[in-house]
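The values are calculated or read from the model by the stated rules, or taken from the named source; none is laboratory data. No experiment lies behind these values; they were computed from the predicted model shown. Positions of Cβ are generated from backbone atoms using ideal geometry, with glycine treated the same way; all protein chains shown enter the neighbour counts.
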Amino acid sequence: MVCPKCGAQLSDEMIFCNQCGEQIRPGGKRAWGKFILLFILFLVIAGVGAYTYYIRNVKPVQMSAEAFDQAHLYENQNEYRKAFDYYSMVIPEDEQNFQSAQDRIAELNVRFDANKMAAIGYMVLKQAGYVNNRLELTDIKVNVEQRKMTCRIDGIGFVISRQSLDDADYHPSIKSETDDYYITEFKAVFVENGFLTSELNSIRQDTSNTFFMIEELSTKGELVRDELMEEYIDSYQNTGELPLFSGNI
């Protein structure tokens with residue numbers, strides 16, 4: 001490199017001429033510019049790192065919390081299937097909501113299983129020719145653990161269960177064609193007894209009804225909902241397969 005003022009030969013690293021003192025290149029400005037570039041590069045790297053951390057760690061937890069709130073809203077609106085789907089979106093990293101979401105999923109599975117049992121009971125009765133429409137059933141109650149459903153048709157009690165409850169006089173049972181379920185109709189067998197026939201059969205039917213109410217003691221109906229029953233009934237009609245119960249049963 002040559003000094004532009006005195007023509008002296010200089011090395012490339014020199015900022016000032018060692019002969020005349022002329023400044024060869026603005027070294028201070030160049031160093032400052034390099035510092036600015038390095039600082040900008042640092043900011044870019046830090047920003048990318050912060051954004052990556054946000055995307056990988058913060059954002060999923062935020063979305064999880066939003067899913068939990070939405071699930072709670074759906075559950076309050078009796079939109080149980082949507083609530084289940086949103087509770088399932090809550091991730092373990094969302095420590096504030098994860099366990100509550102798991103608890104709600106378990107409770108919803110209990111509700112779903114209750115309506116599956118109710119739907120199975122209806123389908124068993126329909127295939128056996130007792131009903132043609134779900135609305136013909138009243139007082140529907142279930143016991144999922146015992147695979148049991150109780151209901152009334154025109155005031156007569158029915159039990160759908162895995163075991164026969166047969167009593168030839170007061171509640172005969174028949175084997176259904178649906179997955180080893182029995183149908184027990186709590187209707188006393190009619191008997192003739194002269195002028196006492198009416199009174200006697202009334203007493204017999206009262207006895208049969210008492211037996212049915214005893215069976216009802218082991219079933220509950222508060223979780224049964226028409227819309228959920230319809231969902232499982234429609235599924236069976238489309239697939240020909242009975243609904244499966246949750247894995248914890």
Is one or more of the residues making up the range 68-81 at pLDDT 80 or above, among the acidic types (D, E), over 30 Å from D226 (Cβ atoms) and out of contact with any strand residue (DSSP E or B) (no Cβ under 8 Å at 6 or more places or on another chain)?
no
crowded, with 20+ Cβ neighbours inside 10 Å, in contact with a helix residue (DSSP H, G or I) (Cβ under 8 Å, 6 or more places away or on another chain), part of a helix (DSSP H, G or I) and not aliphatic (A, V, I, L, M): does that describe Y74?
no
The residue that is surrounded by the fewest Cβ atoms within 10 Å (Cβ to Cβ), considering only those in the range 142-164 that are touching a residue at least 40 places away in the same chain (Cβ under 8 Å) and under 16 Å from Y232 (Cβ atoms), is V144
Could you list, in sequence order, all residues of the range 72-81 that are within 12 Å of the chain's Cα centre (by Cα) and more than 15 Å from Q96 (Cα to Cα)?
Y74, E75, E79, Y80, R81
Test set (1) touching a strand residue (DSSP E or B) at 6+ places or on another chain (Cβ under 9 Å); (2) closer than 30 Å to Q70 by Cα - G157 fails condition number:
(2)
Inside the range 201-223, can you point out the residues that are among the aliphatic types (A, V, I, L, M) and over 16 Å from the mean Cα position of the chain (by Cα)?
I203, M213, I214, L217
Among the residues of the range 154-164, count how many are out of contact with any helix residue (DSSP H, G or I) (no Cβ under 6 Å at 6 or more places or on another chain) and under 22 Å from K116 (Cα atoms).
5
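Residue by residue, here is whether (1) part of a helix (DSSP H, G or I); (2) touching a helix residue (DSSP H, G or I) at 6+ places or on another chain (Cβ under 6 Å) holds:
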site	(1), (2)
D103	yes, no
L108	yes, yes
F112	yes, no
K116	yes, yes
G121	yes, no
L125	yes, no
V131	no, yes
V142	no, yes
C151	no, no
Every residue in the range 165-202 that is loosely packed, with under 12 Cβ neighbours inside 10 Å and more than 30 Å from M117 (Cβ to Cβ), please.
F190, V191, E192, N193, G194, F195, L196, S198, E199, S202
Evaluate the following for D169: is it at positive phi and without any contact (Cβ under 8 Å) to a residue 40 or more places away in the chain?
no
